[in-house]
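Working notes, beginning with the structure itself.
The values are calculated or read from the model by the stated rules, or taken from the named source; none is laboratory data. Computed from a predicted model, the values in this text were never measured in an experiment. No Cβ is skipped: glycine too gets one built from the backbone with ideal geometry, and neighbour counts run over all protein chains shown. Side chains are part of the model used for accessible areas, which takes the heavy atoms of the whole protein and leaves out ligands, DNA and RNA. Shrake-Rupley method; radii C 1.70, N 1.55, O 1.52, S 1.80 Å.
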Amino acid sequence: MLKYVNTGIVFQEIPDEVTLAINISGCPCRCPGCHSRYLWEDIGKPLDAAAIDHCISTAAGDITCVAFMGGDADPAAVNSLARYVHQAHPRLHVAWYSGRIRIPAIVCKTDFNYIKTGPYIKHLGPLNKPTTNQQLFRVEADGQLTDITYRFWKKDNL
């Protein structure tokens, strides 16, 4: 079962979206230099449909997207929750920040609007550095992935 530690309304994780980020614990990736090492532990509250509904209602209609930050220990559960958000809250987009290099075959990409892949590698930098190994994809209706990582790069970073 997935557990979450906290949430926050964020503006930088998904371009053009006001995003409810749900921080999921139990991360198996354990990237050196991780800024959220506390999420490596198996801590927090169960993340299920009721918890998602509560988090969304607390956001008071201010969000356009829900992002699952982590969940690599159980991609099928993340996928199931993404499908739930689309069914129960159809006006919201859904994103997943995964530390994996590839999207697991068990995941139905079209249950998401955005998927970020790649572990954090300190010397390559985060998404806002053109040297990053991480990628943010917009998922098209047919399941094709469009790389939109460049949207994080400011002209002075190029």
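Here the Karplus relation 6.51 cos²θ - 1.76 cosθ + 1.60, evaluated at θ = phi - 60°, turns the backbone of segment 10-18 into coupling constants of 10, 10, 10, 6, 10, x, 6, 10, 9 Hz, with x for every Gly and Pro. Shown are I9, I63, whose ranking by accessible area with a 1.4 Å probe and every protein chain present, most to least, is I9, I63.
Over the chain, calculate the relative contact order: mean separation of alpha carbon pairs under 8 Å at least 6 apart, over the residue count, as a percent. If you can, show how the numbers build up before the last one.
Working: 325 pairs, mean separation 28.8, N = 158.
Relative contact order for the chain comes out at 18 percent.
Model label sites at W153 and W40, defined 7 Å from Cα along the beta-carbon direction, differ in position by 3.1 nm.
Partners of K129 within straight-line reach, counting lysines whose Cα lies under 16 Å from its Cα and excluding those fewer than 8 residues away in the same chain: K116, K154, K155.
The HN-Hα couplings worked out from phi for segment 47-58 by the Karplus form 6.51 cos²θ - 1.76 cosθ + 1.60 (θ = phi - 60°) are 9, 9, 4, 5, 5, 5, 4, 5, 4, 5, 5, 5 Hz, whole numbers, x standing for Gly and Pro.
Checking (1) 33; (2) 29; (3) 38 against the coordinates, the calculated percent of Cα pairs over 24 Å apart falls under label (2). When all protein chains stay in place and ligands, DNA and RNA are ignored, the 1.4 Å accessible-area order of E41, E140, largest first, is E41, E140. When a 1.4 Å probe is rolled over the protein heavy atoms, the share of accessible surface on the chain that falls to carbon and sulfur comes to 54 percent.
Annotation: amide H-H contacts under 5 Å for V94 (H modelled 1.01 Å from N, sequence separation of 5 or more, or interchain): V66, N113, Y114. In loop segments of segment 12-79 as defined by DSSP, there are no chymotrypsin sites (Phe, Trp or Tyr not before Pro) with at most 14 further C-beta atoms inside 10 Å of their C-beta.
Placing a pseudo-label 7 Å from each Cα along the Cα-to-Cβ vector at T131 and A76 gives an inter-label distance of 4.0 nm.
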